[in-house]
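Structure first, then comments.
Any read-out appearing in this document is the output of simple, stated calculations on the displayed coordinates, not a laboratory observation. Here the structure is a predicted model, which means the values were calculated and not measured. Glycine also receives a Cβ, built like all others from the backbone with ideal geometry; neighbour counts cover every protein chain displayed.
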Number of protein chains: 4
Amino acid sequence: MRRASDTAQKRRRQIFEAAIAVISEKGFHKATIREIAAAAGLGKGTIYQYIDKKEDLIPLIAEVGISLMSAKISEAASLDAPPEEKLRIAIKSQLALFDEHSRLAEVMGGEIERIKHEDSELITRVFEERYLNALASLVSEAAGRERFSKGESLVIAELIAVMCLLWSHSVLAKKNAGGIEAYETLLEEFVLRGVSGRRKEAENG
Amino acid sequence: MRRASDTAQKRRRQIFEAAIAVISEKGFHKATIREIAAAAGLGKGTIYQYIDKKEDLIPLIAEVGISLMSAKISEAASLDAPPEEKLRIAIKSQLALFDEHSRLAEVMGGEIERIKHEDSELITRVFEERYLNALASLVSEAAGRERFSKGESLVIAELIAVMCLLWSHSVLAKKNAGGIEAYETLLEEFVLRGVSGRRKEAENG
Amino acid sequence: MRRASDTAQKRRRQIFEAAIAVISEKGFHKATIREIAAAAGLGKGTIYQYIDKKEDLIPLIAEVGISLMSAKISEAASLDAPPEEKLRIAIKSQLALFDEHSRLAEVMGGEIERIKHEDSELITRVFEERYLNALASLVSEAAGRERFSKGESLVIAELIAVMCLLWSHSVLAKKNAGGIEAYETLLEEFVLRGVSGRRKEAENG
Amino acid sequence: MRRASDTAQKRRRQIFEAAIAVISEKGFHKATIREIAAAAGLGKGTIYQYIDKKEDLIPLIAEVGISLMSAKISEAASLDAPPEEKLRIAIKSQLALFDEHSRLAEVMGGEIERIKHEDSELITRVFEERYLNALASLVSEAAGRERFSKGESLVIAELIAVMCLLWSHSVLAKKNAGGIEAYETLLEEFVLRGVSGRRKEAENG
DNA sequence: AATGAATGAGGATTCATTCAT
DNA sequence: CATGAATGAATCCTCATTCAT
């Protein structure tokens, strides 16, 4: 009873990993099921016991991707540290995640939005509920109460996410920044000034 | 002689427009040559008089896209206004461009990086030379001399570009911001604080 | 020993019923083993303990189908009634059988001939020996001795079978006849005139 | 203008012939598009310029088949001969058609009804309107006015069609009849007695 | 220059069958 | 005996690309 479910779960993970690897390499459409199956160490037909159609890899990846990303944010949020420090750590850990799982980052940033899927709206909602909301809270705290409306915080959270994702995508960013630490520092400071600057302006003025 | 070239140029524009329209709608791979040809009011075979293979649409689009984007930056740069105002206007005009040509924005942001092409490096270089450099100069000026290294300015310019593009991509950004003006204001302020804040910190400290 | 055989027999019947049901619905090729197994309340693999390959369902169905059809003919033949009446009853009971087991009729009429099987000749022979011969005898008796050669009687028997089967197949027959009783009356009279008419012609001439 | 349409028509005929040939040999499902294309002397993809999906071969075949069959009936109907003779000739020509185009006959009798197609109802209607009605008129005339209702004539017409088709299908019919002439004679007499017998009964009674 | 019919490589998907449990 | 996960052969269909007109 336990075993069956476990095996299925294991298979799903195998497929997820393989899909990430191949799709990040070649893009969703050029990644063939045969390749993904081979990368997962499975037969071509076996994939179809776990998904109905190739597109179903998208929600599979999205779900795990959002989980990983959210986990990092929650971790940062639960720290006992000043709000600005928490946000800084959130950005750092997000970048570290994307650097480690750069393939995942590429797929999250590049394909998931583009592949129209019947679950697209669901994915968007889950992304907002599980990820953006948590990050927006950090933004809000770092900015100080009432500096940003709920909507503004969410937009800024999305901007932060996009800037973190840029690292995995952009050849130019890698070249111009010089290294991930430099990018990280630049990004942290840029964001913190953008977030908390308003408060300072108010205080100073 | 002149006429022939003119016709060719006209055809290229037809194809470019059609390609943008169809690709933004369905993504590069699901956009078929037949559809693009039809959208351009041309026969399927005619397309192949202007490109060698489907992928060649990518540099065609990129070139025009980068031109449009660069033109807006140059325009802002040539204004007689304080640096911060120039940067603000650059962002505003960039957003306006993406809002007007939202299809182009979607293709620029979504497909161009993902479709590996023999000219990919060329495109990247042109993007840096014609667009990022100009925007980086505005960033640099707005920040005040010696606040950012060349590389840092370029990275920030790319961050700005990405944040502007987000508008066309993201359902959530549209929903959470409430409207393009609100998004514009938020973005301008966020960027300007991020860019000029460092100077103020230095001055205040 | 006995029990094992009984279970096997029971399984075979389950599979036969399920196969009829699914194949009549979707045709042989679109009927999947998984569906047939499910319809039989068995696991997919279990089917393969009773057949070697999917095509083996055909002789399984044929055998049972021919048995049912033959039984009705034998029954009619054993009645104590005038030859014409016996033939009439044979037709009636045949139609009733096909009406009750309409799925079986559809498979008998539609698929069995079409699916080439190594046992196809065997099935044909059994059909002739167990079914056609019996029905041909009734035809022969109804016609009066020496009216039809053996071959002629067999051909007419097959014509009768085909006309009875039409009922299960044909939307138009159902629509145009108006109901099974009307079809039955029409068919009986048509056949009886066809069969016994020759005798009358001879007598009258 | 003319040429384009002509070529298309020619292609359709090529495909029709090839489809008949291959499908009659192996059945609809085992006949592959590749084989049909090869038999038509065309490339695999070319087929799909004339049909949308494999199933669309069914209405293509049905249409031509019904035309051929109907033509023979109309021909018989237009003869200047006594009604019974016309019906006799109709049967003879129908059998001759099926004997000549035995592959077509097999497909008409075996596959067309079984392959569910979105046009199935249309095919049925056309079959009734173009074929059954014409044959039913001959039946009606041969029987004498008011012997059969419209519906009865239609049913008998369908019975006749099925009995003619049997010739192409049945190994046993071929074996037991001894030859097509014998089958023809047997069938003609059987039908004519079945059709006109009722009248004689009335007259004699 | 413009066209679209012809083509076949390529890929998603299905499903009969096997086999370890 | 019963099962269903695993498998890959087999096949439909799409679509970029060519080429004769």
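Remarks
- For residues of B:184-193, the mean tally of beta carbons on other chains within 10 Å: 5
- For A:GLY41, the distances from its label point to the matching points in the remaining copies are 4.1, 5.5, 5.9 nm, ordered from shortest, with each point set 7 Å beyond Cα toward Cβ.
- Cα point-scatterer Debye curve for the range C:1-141, base-10 log of I(q)/I(0) at q = 0.09, 0.10, 0.22 Å⁻¹: -0.32, -0.39, -1.29
- Helix B:83-100 axis, angle to chain B major axis (alpha carbon atoms, nearest 10°): 30 degrees
- The mean count of C-beta atoms from other chains within 10 Å of the C-beta of residues in B:105-115, rounded to a whole number, is 3.
- Listed by Cβ neighbour count within 10 Å, with the fewest neighbours leading, C:SER78, D:SER24 appear as C:SER78, D:SER24.
- Structure remark: mean-square fluctuation, Gaussian network model of chain A, C-alpha springs under 10 Å; the largest value among A:VAL162, A:VAL195, A:VAL22 belongs to A:VAL162.
- A simple spin-label model places pseudo-atoms 7 Å from Cα toward Cβ; at A:GLN9 and D:SER149 they are separated by 6.9 nm.
- Net charge, B:LEU104 excluded, C-beta distance under 14 Å - Lys, Arg +1, Asp, Glu -1: -4
- Label separation (C:GLU189 vs D:TYR48): 5.5 nm, computed from points 7 Å beyond Cα along the C-beta direction.
- Normalised by the number of residues in the range B:77-197, the average gap of Cα pairs under 8 Å and 6 or more apart makes the relative contact order 38 percent.
- Each copy carries a label point for A:ARG125 at 7 Å from Cα along the beta-carbon vector; from one copy to the others these points are 4.3, 4.9, 6.6 nm apart, nearest first.
- Over chain D, relative contact order from alpha-carbon pairs under 8 Å, at least 6 apart, %: 21 percent
- Within 10 Å of the Cβ of each residue in A:168-175, the mean number of Cβ atoms contributed by other protein chains is 5.
- Whole-angstrom gap from the range B:153-187 to the range C:88-151, using each part's C-alpha centre: 78 Å
- Ordered by the number of other Cβ atoms lying within 10 Å of each residue's own Cβ, fewest first, D:GLU25, B:GLU121, B:GLU35 fall into the sequence B:GLU121, D:GLU25, B:GLU35.
- Filter on C:LYS86/D:LYS72; B:LYS30/B:LYS86; D:LYS116/D:LYS175; A:LYS174/B:LYS92; C:LYS53/D:LYS116; A:LYS116/B:LYS86 - keep pairs with C-alpha separation over 29 Å: C:LYS86/D:LYS72; B:LYS30/B:LYS86; D:LYS116/D:LYS175; A:LYS116/B:LYS86
- Neighbour-limited loop hits for GluC sites (Glu not before Pro), the range A:132-167 (at most 12 other Cβ within 10 Å; DSSP other than H, G, I, E, B): A:GLU146
- Taking other Cβ atoms within 10 Å as a rough exposure proxy, D:LEU87, D:LEU79, A:LEU104 sort from fewest to most as D:LEU79, A:LEU104, D:LEU87.
- Helical contribution to [θ] at 222 nm, DSSP H n ≥ 4, -39,500 (n - 2.57), averaged over chain C, rounded to 500: -24000 deg cm²/dmol
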